[in-house]
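Okay, structure first, notes after.
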Amino acid sequence: MQSSSVILVDIGNTSTHVAVSRAGNFLLTKHLFSNARNVGTVRRLIKYYASRFRIDGAILCSVVPGFDRVWISELKRSVSGKVLQVSHALNLGIKIDYPKPSAIGADRLANATAAVEKYGAPVIVADFGTALTFDIVSPTCAYVGGIIVPGPVFFTDYLAEKTALLPRLPLPAVRKAMLAKSKQTAIGKDTKQAMLIGMRLGYIGMVKEIVSCLKKEKGLKKARLCATGGYAGIVLSGSGLGFNIDPLLTMRGISRIYRLNS
């Protein structure tokens, strides 16, 4: 029996990831800027997948509501099976213990779903993207809330935007500084170095304090830690925090949600 092929669309604030899920694999993953949302661009991308696979369904996970209509409309035009959108109203494989479930970001629901499937509960999920989010699933397998802070690049971008003399640091320099934690001095000898050291020490210090506080919450002392997002490996390298890093965690969650609801 041929495995079904499902289009997965993950729309973030900065970038959109699209792939086909088939037999547990993610095929032909594409990355584009989230503002590439015009009908022509979306239609061509969907046709690209439809020409290579027999598409049996699709699911959209979006944190940018203004982009949803185009994607949903074009997916329905090209996909004969179900077209779903991730929300708290679907079967997620976990319970929701949260005052206003509709306010939970779709990507955070997908991350929690995938984390529980892979690591069990309790689990703490960190997503290092445009924002850094922490999401918590309790020992009773219930999503109970989380923490949101600015993503890594915002720290240096903010200094450049709000001051007259501090420069905007190029991303490669930030990446290099974050990955060289054990080799660099803690005292900056020029403005750029001082900013990079502040980023390196301050950001990982914030992450460690958040994890420490979460672990003190009831039932979370032995919670597993997992992380995803483009900056996860950079920030957590050498941190000693014991995170399991999975770049495909969100996609795994989106795929699982489709399976649970199809």
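The values are calculated or read from the model by the stated rules, or taken from the named source; none is laboratory data. These numbers were taken from a predicted model, which means no experiment stands behind them. When we count neighbours, we look across all protein chains shown, and the Cβ atoms used for this are built from the backbone with ideal geometry, even at glycine.
Across segment 47-78, the qualifying residues are those that are assigned to a helix (DSSP H, G or I) and basic (K, R), and the one among them that is farthest from S21 (Cα to Cα) is R69.
Name the single residue, out of those in segment 191-216 being out of contact with any helix residue (DSSP H, G or I) (no Cβ under 9 Å at 6 or more places or on another chain), in a helix (DSSP H, G or I) and of a type outside the set (A, V, I, L, M), that is nearest to T163 (Cα to Cα). Among those that are out of contact with any helix residue (DSSP H, G or I) (no Cβ under 9 Å at 6 or more places or on another chain), in a helix (DSSP H, G or I) and of a type outside the set (A, V, I, L, M), it is T191. Restricted to segment 106-131, and to residues there that are at pLDDT 95 or above and either in a strand (DSSP E or B) or in the same structural domain as D68 (by TED's automatic domain parsing) (or both), the residue that is surrounded by the most Cβ atoms within 10 Å (Cβ to Cβ) is V125.
Just give me the residues in segment 132-165 being within 15 Å of G219 (Cα to Cα) and not in a loop (DSSP other than H, G, I, E, B), in sequence order. So that I can check it myself, show each step before the final result.
Of the residues in segment 132-165, the ones within 15 Å of G219 (Cα to Cα) are 135-146.
Within segment 132-165, D135, I136, V137, A142, Y143, V144, G145, G146 qualify.
If the condition is being touching a residue at least 24 places away in the same chain (Cβ under 8 Å), in a helix (DSSP H, G or I) and closer than 23 Å to K95 by Cβ, then segment 217-262 contributes L249, T250, M251, R252, G253, I254, S255, R256, I257, Y258, L260, N261.
Yes or no, residue by residue, for (1) in contact with a strand residue (DSSP E or B) (Cβ under 6 Å, 6 or more places away or on another chain); (2) closer than 22 Å to L236 by Cβ; (3) without any contact (Cβ under 8 Å) to a residue 12 or more places away in the chain; (4) polar (S, T, N, Q):
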| site | (1), (2), (3), (4) |
| --- | --- |
| D135 | yes, yes, no, no |
| V144 | yes, no, no, no |
| I148 | yes, yes, no, no |
| G151 | yes, yes, no, no |
| T156 | no, yes, no, yes |
| E161 | no, no, yes, no |
| A164 | no, no, yes, no |
| L169 | no, yes, no, no |
| P172 | no, yes, yes, no |
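Taken over segment 172-201, the criterion of being surrounded by 12 or more Cβ atoms within 10 Å (Cβ to Cβ) and either within 19 Å of G230 (Cβ to Cβ) or outside the structural domain of G145 (by TED's automatic domain parsing) (or both) is satisfied by A173, V174, R175, K176, A177, M178, L179, A180, K181, L196, M199, R200. Residue check: is A131 under 17 Å from G230 (Cα atoms) and out of contact with any Pro (no Cβ under 9 Å at 6 or more places or on another chain)? Taking the combined requirement at face value, the residue does not satisfy it.
Just to check your reading of the model, which residue among A103, A112 is out of contact with any helix residue (DSSP H, G or I) (no Cβ under 6 Å at 6 or more places or on another chain), under 22 Å from R224 (Cβ atoms) and among the small types (G, A, S)?
Working: A103 fails: under 22 Å from R224 (Cβ atoms).
After ruling out the rest, the residue left standing is A112.
Looking at this structure, is G81 within 21 Å of L225 (Cβ to Cβ) and either hydrophobic (A, V, I, L, M, F, W, C) or assigned to a loop (DSSP other than H, G, I, E, B) (or both)? Even if it seems obvious, please write down each step before you answer.
Values: within 21 Å of L225 (Cβ to Cβ): no; either hydrophobic (A, V, I, L, M, F, W, C) or assigned to a loop (DSSP other than H, G, I, E, B) (or both): yes.
Considered against the rule, which asks whether it is within 21 Å of L225 (Cβ to Cβ) and either hydrophobic (A, V, I, L, M, F, W, C) or assigned to a loop (DSSP other than H, G, I, E, B) (or both), G81 comes out as no.
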